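Just below is one structure, and these are the notes that go with it.
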């Protein structure tokens with residue numbers, strides 16, 4: 001029974017870690033989505049060279065595990081470009097790169113899923129390529145992208161736990177530090193798992209509802 005007061009006393013610290021976890025996820029989703037959409041649209045640019053360069057960058061980032069992205073941004077970036085980042089912004093940058101690459105692939109797949117006949121029909125009315133993408137193709141593609149996009153957001157939220165490897169303070173790091181003080185590993189890992197579930201389950205439910213609505 002003496003463990004219960006210890007757990008209750010440690011909960012505020014875990015909640016602070018939860019706030020940082022949510023902050024990393026929100027920042028990474030925000031920046032990753034913006035640049036991911038841009039990268040996805042550039043893969044349909046008129047310039048073949050531009051399409052290839054963007055495609056190579058996206059595939060390169062997608063082929064690297066997020067853990068190695070974290071290591072590169074935090075440890076290698078200062079050596080390559082002499083820019084040293086603290087653990088929190090380094091985690092946001094690395095996870096944003098992962099989000100950007102995967103969002104770009106979702107955008108590419110969503111746009112390609114729209115029948116090409118709609119593009120030809122829109123161009124026959126005198127619309128430019130940019131106008132066709134903006135008013136005809138992209139609005140329809142967004143509906144098809146949403147389920148996959150929500151899934152990426154859920155995966156990203158769970159993978160923020162990897163930021164603890166480079167010393168970024170978030171829920172997993174807070175849990176590890178709490179266990180080091182209390183030696184109650186099972187109890188606090190279960191609490192951390194429950195918190196992650198409370199964060200991710202609403203997103204998962206949203207994804208299923210969107211998918212059902214689109215079908």
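The values are calculated or read from the model by the stated rules, or taken from the named source; none is laboratory data. Quick caveat, the model's predicted, so the values are computed rather than measured. Heads up, the Cβs are rebuilt from the backbone with ideal geometry, glycines too, and the neighbour counts pull from every protein chain shown.
Here are the numbers:
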{"quantity": "Selected residue (only one of 148, 129, 161 is out of contact with any strand residue (DSSP E or B) (no Cβ under 6 Å at 6 or more places or on another chain), surrounded by fewer than 21 Cβ atoms within 10 Å (Cβ to Cβ) and over 30 Å from residue 209 (Cα atoms))", "calculated": "129"}
{"quantity": "Residues located in segment 39-58, provided they are surrounded by 11 or more Cβ atoms within 10 Å (Cβ to Cβ) and out of contact with any helix residue (DSSP H, G or I) (no Cβ under 8 Å at 6 or more places or on another chain)", "calculated": "52, 53, 55"}
{"quantity": "Residue selected from segment 1-47 under the condition in contact (Cβ under 8 Å) with a residue 40 or more places away in the chain and outside any helix (DSSP H, G or I), by the criterion nearest to residue 177 (Cα to Cα)", "calculated": "43"}
{"quantity": "Residue check for residue 121: without any contact (Cβ under 8 Å) to a residue 40 or more places away in the chain, surrounded by 13 or more Cβ atoms within 10 Å (Cβ to Cβ) and part of a helix (DSSP H, G or I)", "calculated": "yes"}
{"quantity": "Filter result for residue 88 (assigned to a helix (DSSP H, G or I), farther than 30 Å from residue 10 by Cα and within 23 Å of the chain's Cα centre (by Cα))", "calculated": "no"}
{"quantity": "Checking residue 143 against (1) part of a helix (DSSP H, G or I); (2) at pLDDT 85 or above; (3) over 17 Å from residue 31 (Cα atoms); (4) in contact with a helix residue (DSSP H, G or I) (Cβ under 9 Å, 6 or more places away or on another chain), the condition it does not meet", "calculated": "(2)"}
{"quantity": "Segment 177-193, residues that are surrounded by fewer than 17 Cβ atoms within 10 Å (Cβ to Cβ) and within 25 Å of residue 65 (Cα to Cα)", "calculated": "189, 193"}
{"quantity": "Residue selected from segment 132-145 under the condition in contact (Cβ under 8 Å) with a residue 24 or more places away in the chain and buried (at least 16 other Cβ atoms within 10 Å of the Cβ), by the criterion nearest to residue 105 (Cα to Cα)", "calculated": "145"}
